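Asker: Below is a structure I'd like to ask you about.
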Amino acid sequence: MTPEVLAGHGAAPLPPVALYVHVPFCVSLCPYCDFVVYAGSAARGPRNRVAAFLDAVLVELDLRADAADARFGAPGGPRSALRTVYLGGGTPSLLPADAIASLLERVRERFGVVDDAEITLEANPGPDERGDPAALARAGVTRLSIGAQRLARRELRAIGRRHSPADVAETVSAARAAGIGSVSLDLLYDIPGGALAAWQATLDLALALRPDHLSLYALTLDDPGAEGLTGPTGDHLPASSGALRWRQRARAGQDEDRAADEYRLAVDRLAEAGYRGYEISNWALPGHESRHNLAYWERRPCEALGPGAHAFDGRTRRWNAARLDAYLAALVPPDGGPPQLPPGGEETLGDDAAMAESTVLALRTDRGVPLGDAGGLRLADVAAWTLSNGLAELVDERLVLTTRGRLLSNEVFARLV
């Protein structure tokens, strides 16, 4: 069956191979950010809510582990241990290193973690945000994902970032010195008022740091409220009025043609530097592909903890609601009552929808999809259209998007669903 990883309405649930933990705190909120984030006094100072969150997420971890034990058996027996753990945010590097170590130890106790697991932590590079890479390495972190975004001070200020280009270099150096084996940089293109030459300068500075992995994202400026994602069980928080005004102004400074030129430039520069573009937005040196994100693109089962976090058991997608108050109240009830799983929602795809999703996710990667068995989908017709328009090519009988196809991937995907 095509793609190779498929689950849908009739599939049996599967035990997780990956765990995502969402840490919803930042020192300040970037105006373009749509992640579940609580900033300012919630993250720092006498009224911060970090300790309360840590208490609650450990309770959720135990409740989810209890459910996995009941469904699939204990880890190390019928149920295999986790292959990846990912602490995302937000800014997980704001957490005390001993809290991260305790959290990872509880993960090992309740879910099991394979000896060579990939343990990723996201970090902002500012000196008051990056944490202690040496302590993170001792806690078990093997991969640091650094939110660099750009490497010019003026551009960083324009998008609301607090750090400097020098902070990025210092964080990479500290991670290397600590023995963290894989270092990734996140970069943004199509920023308002940007220029191709400025983007090339950021790429050149990033490559001079020789990270093991780079994730390059076009700046998106959405309104989750208008999309109906911010209700009591929604997985997004409403954007502030100030953020919405900033996004409206910023859209006027974006340019689709410039964004395409920036993407093509990145494809060429990164290939010359020895990086494999293994997914539409991700490049890695050999052996440094993100195993955790590959689990998503291969539709493998993933458990998830924290406000707004999404899980998948091979059949059903489940999410926690974004509201921190409701999350804390469910897991650590103020009246001392028994804990409950936090509010949220779930969705089970039918077989056709699951197949379409599998095909779309596989086409995001440089492995593409085999054409031998297209099931009941429109893959054959879409393949002919992509090939005739230079959007894809055949590599070992697999349909793989070209750079042009990646740039127009939304149009390709729309024809599959």
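Every read-out reported here was derived from the displayed coordinates using simple, explicitly stated rules and does not represent laboratory data. Everything numeric in this text was worked out from a predicted model, so none of it was measured. So basically every Cβ, Gly included, is an ideal-geometry build from the backbone, and we count neighbours across all protein chains shown.
Asker: Work out, step by step, the length gained on full extension between residue 55 and residue 109: first 0.36 nm times the residue separation, then minus their alpha carbon distance; give nm to one decimal.
Answerer: Values: separation 54, 0.36 × 54 = 19.44 nm, distance 1.66 nm.
Working it through step by step, the gained length comes to 17.8 nm.
Asker: Something else now. For the pair residue 348 and residue 218, what calculated FRET efficiency results from E = 1/(1 + (r/R0)^6), where r is the Cβ-Cβ distance and R0 = 30 Å, to the nearest 0.05? Before the final figure, lay out each step's value.
Answerer: Numbers: r = 31 Å, r/R0 = 1.02.
Rounded to the nearest 0.05, the efficiency is 0.45.
Asker: Please report, in debye to the nearest 20, how large the charge dipole of segment 208-308 is about its Cα centre when each Lys and Arg carries +1 at its beta carbon and each Asp and Glu carries -1 there. Walk me through the numbers on the way to the answer.
Answerer: Values: 12 positive and 16 negative charges, 43 e Å.
Roughly 200 debye, rounded to the nearest 20.
Asker: Here's something else I'd like to know. Quick one: which of 160-168, 320-328 comes out on top by average Cβ neighbours within 10 Å, and what's the full order, highest first? Please list the in-between numbers first.
Answerer: Working: 160-168: 18.7, 320-328: 21.7.
Highest to lowest by the protection proxy: 320-328, 160-168.
Asker: Count the DSSP beta bridges whose two residues both fall in segment 18-297, then state the antiparallel fraction as a percent rounded to the nearest 5.
Answerer: Working: 5 of 34 bridges.
The antiparallel fraction comes to roughly 15 percent.
Asker: Out of every Cα-Cα pair in segment 266-385, what percent are more than 21 Å apart?
Answerer: Numbers: 4114 of 7140 pairs.
Cα-Cα pairs of segment 266-385 separated by over 21 Å account for 58 percent.
Asker: Using the Karplus curve 6.51 cos²θ - 1.76 cosθ + 1.60 with θ = phi - 60°, what ³J(HN,Hα) values do you get for each residue of segment 29-44, in whole Hz, with x for Gly and Pro?
Answerer: 9, 5, x, 8, 6, 10, 6, 6, 9, 10, 10, x, 5, 5, 9, 9
Asker: Can you pull the one-decimal nm distance between simple spin-label points at residue 335 and residue 272, each 7 Å off the Cα toward Cβ?
Answerer: 6.6 nm
Asker: Something else about it: Suppose only helical runs count, i.e. DSSP H with n ≥ 4. What mean residue ellipticity at 222 nm does that imply for the chain under -39500 (n - 2.57) per run, divided by all residues and rounded to the nearest 500 deg cm²/dmol? Don't skip to the answer; put the middle values down first.
Answerer: Details: 14 runs with 155 residues, N = 417.
Calculated mean residue ellipticity at 222 nm is -11500 deg cm²/dmol.
Asker: Shifting gears a bit: Kirkwood Rh over alpha-carbon pairs of the chain, then Stokes-Einstein at 37 °C and 0.692 mPa s: what D in µm² s⁻¹, rounded to an integer?
Answerer: Details: Rh = 22.4 Å.
Estimated via Stokes-Einstein, D reaches 147 µm²/s.
Asker: Provide, in order from the shortest bin, the percent of all Cα-Cα pairs of segment 108-210 in each 5 Å bin, continuing until the bin that contains the maximum pair distance.
Answerer: Reading upward from the zero bin: 2, 12, 23, 20, 16, 11, 7, 5, 2, 1.
Asker: 7 Å from Cα along Cα→Cβ at both residue 170 and residue 241: what's the point-to-point distance in nm?
Answerer: 3.8 nm
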